[in-house]
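The values are calculated or read from the model by the stated rules, or taken from the named source; none is laboratory data. Only a predicted model underlies this, so the values are computations on that prediction, with no experimental measurement involved. Quick reminder, even Gly has a Cβ in these numbers, built from the backbone with ideal geometry, and neighbours come from all protein chains shown.
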Amino acid sequence: MKIKALTILTVLGFAAGCSSAPNDVLVGDMDPNSLASDQNTQHHMQDPNTGENGISDPNSVHAEQAQVGSAEVIARLHSCSKITYSSMGNILKNHGVNTGSTAQNSAGLLYKGGASALGVANYGGRVPEMIIPSTAALSKEFDIMVAASIEIQAAAKAGTLNMTACPGTPLIDTTGNFTKDGLSCLMGKPATADHLSIANDAILQATSQGLTKDQGQQIAIASILEAAHTCE
Amino acid sequence: MKGEEQMRHLRWLAATGLTVALTACGNGGSGTLLGGGNGDTTGSANGGSDPGSPAQGGTPQGDDGGNGADPNANSNPNIDQRQVNYGEALRTAALKLVGDLPTLADMKAVTDATSYGAQIDKYLADPRFVTRQLQWWRDTFKTGQPGMKTGNGLPSFDTAATFATEVVVNDRPYTDILTASTNTCPTLTAGTFTDASCTNGGPTSGVLTDPGLQSQYYANMAFRRVRFIQETFVCSKMPAEFSPTPQVMGSGAYTSPWPFASITGGTTAKINFQDTSAVICANCHTTMNHMAPLFGNFDMNGQYQTTIQVLVPSTGNPKATRADWLPAAENYAWRNGQQVADIPALGKAIAADPAVAQCIVTREWNYAMSRGDVVNDTATVPSIVTDSLVKDFTSNGMKVKRLLRNIFTADDFVKF
């Protein structure tokens, strides 16, 4: 009994000793070993049907973060959140993709039909839009980017591509190679010489393996989009 | 022999406790329970640079540049190897602030810290920032009109997020979200706010009395409404208060600073909040029960009635009475020792809590850095990372736009 009491008092003593810092409360009951853990304090939020959708398991989070560094290091590093559903729509539109398309396997149809997989909010269930991408969300994003690449490449080839964020900027030049500015527009950040080289090399690799140049360009566009927008 | 062994255990426990205490408090006054004592301190975490240095594109972030740590103490390669990349920073900032990628012209305009900062200012003034903020507040409140039912007396579920957006966009103090006494149910049409007061009756105190929120979080004994306040504005789950002198009790430890008998209990109570047979209910409920009755009069549609509308989860599900939460002599309170008479007073007490400023800084930091939510995803941020931001926020009128600019131009943000 004395040991139990001393354990409680020493651990609580350290918690109290630091209690003046405003964010001490952020630790709260999130530490599985805290006296305020589920073993000591009922955690109603884990009851069924109480809106625990989308809640990360604290133990899994701690285990993953421990592989990178301390909590401070983790907090100072950019992570990778899911692009919001509306932002995804904006990106597609700005790349000239028809988000209202009803054609089978079109990027627009996949986007419209993929709202749930893409983690949109369910406010009725008190669930906000997903912040961290799920495997389903990333898979859906890949599908959409692949479909979008076909549309973007076709428009670029036809000279009708209208990337609204980059008016007048060609994605592909007259020789069939990508332009640096065009790639910048696809990614939303300045393309480097390496980006350009990799994209044009994808065309060469595709044609050397029996695919058409159009298909090579599509592969390159899809790869660039996925790399830029899906944490790949 | 048995006594010696027990003494060894006691000495070990005392030494362990002391070591833990010293480790936890090892960073001066910062109390970085998560980040302290492990060598991963801030100085060289930023490559030894000052996050407020204009050369780094940063905004002045306080006396110590946001660090206050030994610059030689850090050797984490994930931190040390980062490089300033304004192009990458602009992309993620644009997505977060206006929900879209930067234009080619924007990208080409950014060449250094100054031009990057100017672009952030442009985004903060962009009409699309309003739309993005609205969505951010909907997700933060877990309440919004999209997908929700209408009619049958249901309120708008968008007024709270709209009001919070208006506070941010119009550069009003963040605490107005908790304390404003009028025009807390505005509408937003084509980027223009139209002020309006809520029509659900009762007191008005920012979003605390918003009909959409009250309806969304309607539940037994108004506890879900209290949980919403705690997790949204303090960024931690219950329990919210801890005693420096916990007591061994029942099957665990009573950790709350409140007198144990300050909440309803006993065998005749509908709900025995003093029960200790399985877990210590009072650890959370001493805090919750002193607030929840204030929200008891809002019905399931968020309308304020003259009598208590929430139910007690006991036989027959009767409507709650004040005695179901508190003994007659107990007053309402935000925290132990901070009595409040009504919801507006509660709003002021919450707004004055330092944890509330820390919370919004943490949540915005996580948003900018593409991290999960501080509550839902346990994405806590040690105070050493945000201390200077909190200081700047609280000493400059609690303007969220200023906070966002500081975050999106911070050294950590522009490095990849």
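Some points to look at:
- Of the residues making up the stretch A:100-116, those that are closer than 19 Å to B:Leu95 by Cβ and surrounded by 17 or more Cβ atoms within 10 Å (Cβ to Cβ) number 3.
- Those residues of the stretch A:60-97 which are of a type in the set (A, V, I, L, M), buried (at least 18 other Cβ atoms within 10 Å of the Cβ) and not in a helix (DSSP H, G or I), in sequence order: A:Leu77, A:Ile83, A:Val97
- When each of B:Leu154, B:Leu134 is tested for being out of contact with any Gly (no Cβ under 7 Å at 6 or more places or on another chain) and part of a loop (DSSP other than H, G, I, E, B), the lone residue that passes is B:Leu154.
- Matching residues, the stretch B:159-172, being crowded, with 16+ Cβ neighbours inside 10 Å and either away from every other protein chain (no Cβ under 12 Å) or out of contact with any helix residue (DSSP H, G or I) (no Cβ under 7 Å at 6 or more places or on another chain) (or both): B:Thr159, B:Thr162, B:Phe163, B:Ala164, B:Thr165, B:Glu166, B:Val167, B:Val168, B:Val169, B:Arg172
- Summed over the stretch A:103-136, the residues that are out of contact with any Ser or Thr (no Cβ under 8 Å at 6 or more places or on another chain), assigned to a helix (DSSP H, G or I) and either more than 14 Å from every other protein chain (Cβ to nearest Cβ) or at positive phi (or both) give a count of 4.
- Scope the stretch B:361-388; condition within 24 Å of B:Phe163 (Cβ to Cβ), more than 7 Å from every other protein chain (Cβ to nearest Cβ) and aliphatic (A, V, I, L, M); matching residues: B:Val361, B:Ala368, B:Val375
- Any hit, the stretch B:71-80, residues being touching a helix residue (DSSP H, G or I) at 6+ places or on another chain (Cβ under 6 Å), more than 7 Å from every other protein chain (Cβ to nearest Cβ) and either of a type in the set (Asp, Glu) or surrounded by fewer than 20 Cβ atoms within 10 Å (Cβ to Cβ) (or both): yes
- Taking the listed residues A:Pro190, A:Pro167, the one that is within 27 Å of the chain's Cα centre (by Cα) and closer than 13 Å to B:Met107 by Cα is A:Pro190, with no other qualifying.
- Being of a type in the set (Ser, Thr, Tyr), away from chain A (no Cβ under 14 Å) and in contact (Cβ under 8 Å) with a residue 60 or more places away in the chain is a property that B:Tyr304 has.
- Positions within the stretch B:100-115 being crowded, with 22+ Cβ neighbours inside 10 Å and assigned to a helix (DSSP H, G or I), in sequence order: B:Met107
- Residue identified as touching a helix residue (DSSP H, G or I) at 6+ places or on another chain (Cβ under 8 Å), more than 14 Å from chain B (Cβ to nearest Cβ) and touching a residue at least 12 places away in the same chain (Cβ under 8 Å) among A:Ala165, A:Ala148, A:Ala156: A:Ala156
- Of all residues in the stretch B:359-395, those that are closer than 18 Å to B:Asp176 by Cβ and under 11 Å from the mean Cα position of the chain (by Cα) total 5.
- Filtered by the rule that a residue be over 30 Å from the mean Cα position of the chain (by Cα) and within 11 Å of chain A (Cβ to nearest Cβ), the stretch B:110-135 gives B:Val110, B:Thr111.
- Qualifying positions in the stretch B:136-162 - among the polar types (S, T, N, Q) and within 19 Å of the chain's Cα centre (by Cα): B:Thr140, B:Thr143, B:Thr162
- Being under 25 Å from A:Arg126 (Cα atoms), in contact with a Phe, Trp or Tyr (Cβ under 7 Å, 6 or more places away or on another chain) and within 14 Å of chain A (Cβ to nearest Cβ) is a property that B:Phe223 lacks.
- Across the stretch B:261-271, a minimum of one residue is classified as of a type in the set (A, V, I, L, M, F, W, C), within 27 Å of B:Ser205 (Cα to Cα), modelled with pLDDT of 95 or more and buried (at least 24 other Cβ atoms within 10 Å of the Cβ).
- Scanning the stretch B:368-416 for residues that are hydroxyl-bearing (Ser, Thr, Tyr) and surrounded by 20 or more Cβ atoms within 10 Å (Cβ to Cβ) yields a total of 6.
- Considering only residues in the stretch B:227-244 that are polar (S, T, N, Q) and at the interface with chain A (Cβ under 8 Å from one of its Cβ atoms), the one that is farthest from B:Ala161 (Cα to Cα) turns out to be B:Ser243.
- When B:Trp258 is tested against (1) over 18 Å from B:Asp342 (Cβ atoms); (2) crowded, with 24+ Cβ neighbours inside 10 Å; (3) more than 9 Å from every other protein chain (Cβ to nearest Cβ); (4) among the hydrophobic types (A, V, I, L, M, F, W, C), exactly one condition is not met: (2).
- Search result, residues across the stretch A:184-229 that are buried (at least 19 other Cβ atoms within 10 Å of the Cβ) and outside any helix (DSSP H, G or I): A:Gly188, A:Lys189, A:Pro190, A:Ala191
- Single condition B:Asp121 does not satisfy, out of (1) surrounded by 21 or more Cβ atoms within 10 Å (Cβ to Cβ); (2) farther than 26 Å from B:Phe298 by Cβ: (1)
- Matching residues, the stretch B:296-313, being closer than 21 Å to B:Gly265 by Cβ and hydrophobic (A, V, I, L, M, F, W, C): B:Ile308, B:Val310, B:Leu311, B:Val312
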